[in-house]
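To keep things clear, I will list the structure first and then write my remarks on it.
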Amino acid sequence: MTRLSHRMQHIQSELSSKWCGHPTVVLEVVPSTNRWLKEEWALGRIDHGTAVWADGQTDGRGRLGRQWDSPSGENIYTSVLVTPPPTRVGGIVSLLAGVAVVQAVRAATGLDARLKWPNDVLIYGKKFSGILVEAGMYPRPWVVIGIGINVGGTVDQEEAHRVTLERVLDHPLSREDLWITLIERLEDVYEAWLACGDQWVVQAWTAANATLGKQVRVERPGHRPWVGLAERIDDDGGLWVTNPERREKVISGDVRIRAADGSYAPDSS
């Protein structure tokens, strides 16, 4: 049995979600799991809940077009397509995906994963996961939730703000078991959002965040960076930042948040 066949068999026998990850497509290497789902959706071949998990990506992308290093056989690169009601498509989906990642990693490892606005997941102030959410309205509203998790392998010494789960744990971690937990938590959080509204997601995200209450640096292309206090998250996923001269809600689409000194993340102490 090949590695991917074993993975598919393990998923089919262990995944307990009702619709998330049904079906799941397991692939060797794709340019991007998000792109694969979008192309399949445009062709009418998939529907709500379809997930894809690739062993590697050749052109994985993060927010603001940044490339996500995606070596084969080490990490989790997965995307799920959902079709929310028309009024529920927005930045809040990125936050709910972050909540699902935190819940899954805490359940699978016991590590105190935390959220950095808008779409990074941290352990001890270092990034191990990123989220890219893309949405459209044709032929009906759809959202693709892309999640990358650094499970094993090595991290470039020049990227001191990154870490892998296995390096923190100091022992191997089953990618299959973590992925199953992630998909089950994503379904739980998504259904809680539909039942309880955006404020439920904001509260859950706030409880697990590493950004609010810290001095942050707002960086926007073509604008002078400025520093303020990360005050709160709005129901649409925007971040309110304030200082004595200004108060502004920043939206994730074109903004990068850094620590006040310009480093990757605010001090998590």
When Glu245 is run through (1) within 17 Å of the chain's Cα centre (by Cα); (2) acidic (Asp, Glu); (3) not assigned by TED's automatic domain parsing to the domain that holds Ala113, the failure sits at (1)
So, first residue not assigned by TED's automatic domain parsing to the domain that holds Leu239 in the range 85-96, second residue modelled with pLDDT of 90 or more and charged (D, E, K, R), Cβ within less than 6 Å, six or more apart or across chains; the pairs are Ile92/Asp198
Listed by first then second residue, the pairs whose first member lies in the range 6-19 and is closer than 16 Å to Val82 by Cβ, whose partner is assigned to a helix (DSSP H, G or I) and among the hydrophobic types (A, V, I, L, M, F, W, C), with beta carbons under 7 Å and at least 6 positions apart or on separate chains, are Ser17/Ile183
Within the range 8-48, residues farther than 19 Å from Gly146 by Cβ and not aliphatic (A, V, I, L, M) come out as Gln9, His10, Gln12, Ser13, Glu14, Ser16, Lys18, Gly44
Across the range 69-91, the tally of residues that are assigned to a helix (DSSP H, G or I) and under 12 Å from the mean Cα position of the chain (by Cα) stands at 0
* Residue within the range 32-50 that is assigned by TED's automatic domain parsing to the domain that holds Ser94, exposed (fewer than 13 other Cβ atoms within 10 Å of the Cβ), under 20 Å from the mean Cα position of the chain (by Cα) and not β-branched (Val, Ile, Thr) present -> no
Counted residues in the range 224-242 being over 21 Å from the mean Cα position of the chain (by Cα) and crowded, with 20+ Cβ neighbours inside 10 Å come to 2
Here the residues within the range 95-128 that are of a type in the set (S, T, N, Q) and modelled with pLDDT of 95 or more are Gln103, Thr109
Within the range 1-29, of all residues that are outside any loop (DSSP other than H, G, I, E, B) and of a type in the set (Lys, Arg), the one nearest to Thr78 (Cα to Cα) is Arg7
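The values are calculated or read from the model by the stated rules, or taken from the named source; none is laboratory data. Everything quoted here is computed from the prediction, not taken from an experiment. Here Cβ is always computed from backbone atoms with ideal geometry, including for glycine, and neighbour counts include all displayed protein chains.
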